[in-house]
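Written below as structure tokens is the structure these notes are about.
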Amino acid sequence: MSLTVTVGNLIMDKAKVTTKEVAANKASNSENIDEILEKVTTVDNTCSFTKCKNRTKDIAIHCKYCNKRYCTTHGLPEIHGCGEAVKRDEKRKFLHPDTKLSNEKHSQAQTKLNMKLKQMQLERKSKQGFSNKGKKN
């Protein structure tokens, strides 16, 4: 079963269309690579906010939530539409904070844990020496 695609007045098989489209794209890419690169740089050097044409070549704010570049006017995530992502991230940071101990506090906690483990080990040894008075053989 072959798929047919209508392009204008022509009806072609899907395989033929894709190979022709790929060949056409390769030809256009090799001829217009300078134009394509120029368009990409102009898009990269303008603010990603809709209807804003400010240049971001020299000073730009990179949003860590949507990975786009914005001018200083639209740089805040709440302004350009990443408000919900900021809210989720801040809520996660509040509920599950990243607590990091300094080396000194870490070593103190380690020694305290070692002392507690030794104490528990000694308690186990003392309990092992009880007598069998109440048990029947």
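Every read-out reported here was derived from the displayed coordinates using simple, explicitly stated rules and does not represent laboratory data. Just so you know, these numbers come straight off a predicted model, no measurement behind them. Glycine also receives a Cβ, built like all others from the backbone with ideal geometry; neighbour counts cover every protein chain displayed.
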Discussion item. Could you check the spin-label model distance between Arg55 and Lys39? Points 7 Å from the Cα along Cα→Cβ, value in nm.
Written reply: 2.2
Worksheet item: How high is the FRET efficiency between Gln110 and Leu76 when r is their beta carbon distance and R₀ equals 30 Å, given to the nearest 0.05?
Response: 0.10
Worksheet item: How much FRET efficiency would the formula 1/(1 + (r/R0)^6) give for Leu117 and His96, where r is the Cβ-Cβ distance and R0 is 30 Å, rounded to 0.05?
Response: 0.60
Fill in: Phi-based couplings in Hz for segment 116-123 (Karplus 6.51, -1.76, 1.60; Gly and Pro marked x)
5, 5, 5, 4, 5, 5, 5, 5
Item to complete: Quick one: of Lys53/Lys93; Lys91/Lys116; Lys57/Lys91; Lys64/Lys91; Lys68/Lys91, which pairs are farther than 28 Å apart, Cα to Cα?
Response: Lys53/Lys93; Lys91/Lys116; Lys57/Lys91
Worksheet item: Out of residues 5 or more away from Asn54 or on other chains, whose amide H comes under 5 Å of its own, with H placed 1.01 Å from N in the peptide plane?
Response: Cys47
